[in-house]
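Down below is the structure, laid out as structure tokens.
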Amino acid sequence: MRVPRHFVVLSLIFVALLSRLIPHPPNCTAMNAVALYGASSISNIWVAFLLLIASMLLSDAVLGFHSTLAFVYVSFCLTILLGRLFDCKNSVTSRIFCSLLASTLFFIVTNFGVWATSSYYPMSWKGLVSCYLAAIPFFQNLVLGDLLYISLIFFVSARIQSYKPCISQKINLMSCIFLFYILFNLKYIF
């Protein structure tokens, strides 16, 4: 019995939504990976946009809204377009390339938003450069998280859709994913 494709897509998006709500390193969530996965796995691009925006709105309703939210949403929507342009489902190389490009895009767009909407930095070229320089430490988490999640989401999706697991295999797979996630975020839980 094959698992329906829409069930896999919605389940992975739900897991990504949870990645924003449980404790995690700064800028280390699965949302860029979800945007890339949605772009390559959902045939209707408007549905991909809708699912991403809906999951963001739901988690932001819990986490709180902020002044740079529009920049975050625009970045993720551009990531969906990026995923369509480069078709990141076909090879590991294209997934890595898309993941790095999505991380860089998020970094550029959202930090421009911080500079443009806050009073932390002067409205000058020097202020913009200072804003980007101050954000560099967060970029590492962003890149590592995006690479981790894009690999995990595509791997899990392929495994779920390619074989007929018995219940013990499903439990083992979910246990491994949960354990890996806990270990990755251990220092942020306590």
Next item on the list: For residue 87, work out the one condition from (1) closer than 15 Å to residue 39 by Cα; (2) in contact with a Ser or Thr (Cβ under 8 Å, 6 or more places away or on another chain); (3) modelled with pLDDT of 90 or more it doesn't fulfil.
Entry: (3)
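Per-residue answers, yes or no, for (1) loosely packed, with under 15 Cβ neighbours inside 10 Å; (2) hydrophobic (A, V, I, L, M, F, W, C):
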position	(1), (2)
77	no, yes
96	no, yes
103	no, no
119	yes, no
122	yes, no
128	no, yes
Margin query: List pairs: first residue in segment 27-43 and in contact (Cβ under 8 Å) with a residue 12 or more places away in the chain and within 14 Å of residue 98 (Cβ to Cβ), second residue outside any helix (DSSP H, G or I) and charged (D, E, K, R) anywhere in the structure, Cβ distance under 9 angstrom, at least six positions apart or on different chains.
Written below: 36/89; 37/89; 39/87; 39/89; 40/87; 40/89; 41/89
Note to self: Can you confirm whether residue 114 is more than 18 Å from the chain's Cα centre (by Cα) and in contact (Cβ under 8 Å) with a residue 40 or more places away in the chain?
What the structure shows: yes
Check: Just one of 91, 40 is buried (at least 20 other Cβ atoms within 10 Å of the Cβ), over 30 Å from residue 129 (Cα atoms) and either polar (S, T, N, Q) or more than 12 Å from the chain's Cα centre (by Cα) (or both); which is it?
Finding: 40
Notebook entry, point to check: What is the number of the single condition among (1) under 21 Å from residue 26 (Cβ atoms); (2) modelled with pLDDT under 90; (3) exposed (fewer than 12 other Cβ atoms within 10 Å of the Cβ) that residue 147 does not meet?
Noted result: (3)
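Which is assigned to a helix (DSSP H, G or I) and over 21 Å from residue 69 (Cα atoms), of 138, 154, 107?
154
The values are calculated or read from the model by the stated rules, or taken from the named source; none is laboratory data. All figures in this text were calculated on a predicted structure; none of them were measured in a lab. Glycine gets a Cβ as well: all are built from the backbone with ideal geometry, and neighbour counts include every protein chain shown.
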